[in-house]
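A short worksheet on the structure shown next.
Coordinate-derived values only; no laboratory data. As the structure is a computational prediction, the values presented were derived from the model and not from experiment. Cβ placement follows ideal geometry from the backbone for every residue including glycine, while neighbour counts extend to all protein chains displayed.
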Amino acid sequence: MQEQESTLDLERFRQKKQQIAEGHIEDLYRRAYEYAFKETNIREKVRAKMIFSKRFLQHDEARIEARFEKLFQEWFLFDYKTIKGQTLFFQFLQSHPLQESTKLLGAVVLTAAWEPVIVKGKEERTVRCQTIIQGEEVIVKMNPDWIEKEIFEEQVYFVRKVPLVVHQWILGPVFPVKSMDVIANLQTHYSQMNQETGVLWRTFLKEEAPNFILPSLS
């Protein structure tokens with residue numbers, strides 16, 4: 001009986017820690033987002049739009065259509081490299097006083113990339129997903145952005161997920177994939193680049209993911 005109570009207490013403790021971590025990481029995301037778009041100078045924003053447009057949209061104008069804006073904003077915060085060669089999220093972590101636990105969360109976010117996952121099931125706010133390359137199953141908690149959307153089993157979504165205490169957490173918006181041809185192209189492209197350069201999956205996604213999200217936004 002005491003052992004059961006101890007197990008329940010541990011589980012309640014872990015769930016409480018999960019809730020706290022969720023609040024902290026959402027607050028961190030909000031503050032970093034505000035930093036990127038309110039404190040970053042115009043020159044840097046124009047440079048970022050030029051790079052994004054040329055690399056992913058194949059034109060040289062610093063113009064982002066409304067349908068691509070959310071994708072650009074997330075890329076700008078997490079994946080764009082400034083003139084100093086740093087991401088804006090990294091610069092935010094370096095320039096703002098943060099608690100040690102929040103800094104640790106920030107370090108985890110730094111390595112997160114958009115990754116395609118297949119939804120296998122849903123129960124309330126938790127979603128059971130399978131990763132594309134490794135084929136591993138993960139349980140993720142939905143953030144407010146995903147809660148507002150319909151979720152379909154066997155649908156593929158690009159998500160930026162980070163591990164917390166009990167479940168992984170989806171950070172920022174999710175992007176559904178309209179055609180499995182996109183995923184087939186992604187796997188082929190990754191296989192080729194991995195053989196040619198030895199690039200790892202996460203590094204590949206950090207650099208190339210927008211190319212495979214954009215077809216579903218067109």
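How big is the gap, in Å, between the Cα center of the stretch 71-148 and the Cα center of the stretch 25-58?
Going from one Cα centre to the other spans 16 Å.
Could you run the Karplus curve 6.51 cos²θ - 1.76 cosθ + 1.60 with θ = phi - 60° over the stretch 91-104 and give me ³J(HN,Hα) per residue in whole Hz, x for Gly and Pro?
4, 4, 4, 6, 9, 10, x, 10, 5, 4, 5, 6, 4, 5
Quick check on the stretch 36-156: take the gyration tensor over C-alpha atoms, sort the square-rooted eigenvalues as a ≥ b ≥ c, and tell me if it's rounded (a/c under 1.5), prolate or oblate.
The shape class here is oblate.
List the residues, sorted by chain then number, that are 5 or more residues from K178 or on another chain and whose placed amide H is less than 5 Å from its amide H.
Under 5 Å from the amide H of K178 lie the amide H atoms of S216, each far enough along the sequence or on another chain.
Which entry is the computed Rg and Dmax of the Cα atoms in Å for this structure: (i) 17.2, 52; (ii) 21.2, 74; (iii) 18.5, 68?
(iii)
Please state the shape class of the stretch 114-176: rounded when a/c is under 1.5, otherwise prolate if a/b exceeds b/c and oblate if not, all from the C-alpha gyration tensor.
Rounded.
When the dipole is taken about the Cα centre of the chain, and only Lys, Arg (+1) and Asp, Glu (-1) are charged at their Cβ, what size is it in debye, to the nearest 20?
In total the dipole reaches around 780 debye.
Against the longest principal axis of the chain, how steep is helix 66-78, in degrees 0 to 90 to the nearest 10, with axes from Cα atoms?
The two axes meet at around 70 degrees.
For the chain, what does -39500 (n - 2.57) per DSSP helix run (n ≥ 4), summed and divided by total residues, give at 222 nm, in deg cm²/dmol to the nearest 500?
Mean residue ellipticity, 222 nm, calculated: -17000 deg cm²/dmol.
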